[in-house]
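Only one structure is covered here, and it is reproduced in the block below.
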Amino acid sequence: MAALRDELLQRILANSPAFFEQLIVDLLVAMGYGGSHKDAAAQLGRSGDGGVDGIVNEDRLGLDRIYVQAKRYAPSSPVGRPDVNGFVGSLVGLGATKGVFVTTSTFSQPARDYVRHLAQRVILIDGRELADLMIEHGVGVRGYRTVEFKRLDEDFFGEE
């Protein structure tokens, strides 16, 4: 799994920023956010106000919104507290309560500590977790082989 995770991150970094935005749309929709794929794609990828890359609906009805920031950084360039602070400031300015910050690299410890005590709910997804979520939700990966085992169905043969 570690090799697949590393390969996913290498391929993401080799592609364009537009590809990365589309990947985030695909992943959020696969996870059940954003309503339909069309709705999520229309909301994400639009540059928002200072530090917000997009907005997706938390559910199909759009009762609540999640603000998204995506940074495609090399693994050697962690996202620091100033970037996260800028995103949180944007959330406050928009009156938002929920945000997701996704990066292909990592988050510094000060950045992680900062989001723990906020009034807003901010989820940090680093490259490792991004790849794990892609694998879990079938985004950018395909099942190679499925093995099915058959056993006797006791309920079928049970007479009462």
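The values are calculated or read from the model by the stated rules, or taken from the named source; none is laboratory data. Note that the coordinates shown come from a computational prediction; the quantities given were computed from them, not determined experimentally. All Cβ positions, glycine included, derive from the backbone under ideal geometry; neighbour counts span all protein chains shown. What goes into the accessible areas is simple: the full protein's heavy atoms, side chains included, and nothing from ligands, DNA or RNA. Shrake-Rupley method; radii C 1.70, N 1.55, O 1.52, S 1.80 Å.
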### Message
Among (1) closer than 17 Å to Arg72 by Cα; (2) in contact (Cβ under 8 Å) with a residue 60 or more places away in the chain, there is one condition Glu129 misses while meeting the rest; what is its number?
### Response
(2)
### Query
Of all residues in segment 54-65, which are outside any loop (DSSP other than H, G, I, E, B) and open to solvent by 20 Å² or more (accessible area, probe 1.4 Å)?
Ile55, Asn57, Arg65
### Query
If a residue has to be open to solvent by less than 30 Å² (accessible area, probe 1.4 Å) and either at pLDDT 90 or above or of a type in the set (Val, Ile, Thr) (or both) to count, how many in segment 24-53 make the cut?
4
#### Entry: Residue tally, condition exposed (fewer than 15 other Cβ atoms within 10 Å of the Cβ) and part of a loop (DSSP other than H, G, I, E, B), over segment 121-160
17
### Message
Checking the condition of a type in the set (S, T, N, Q) and touching a residue at least 40 places away in the same chain (Cβ under 8 Å), which residue from Thr146, Thr104, Thr97 passes?
### Response
Thr104
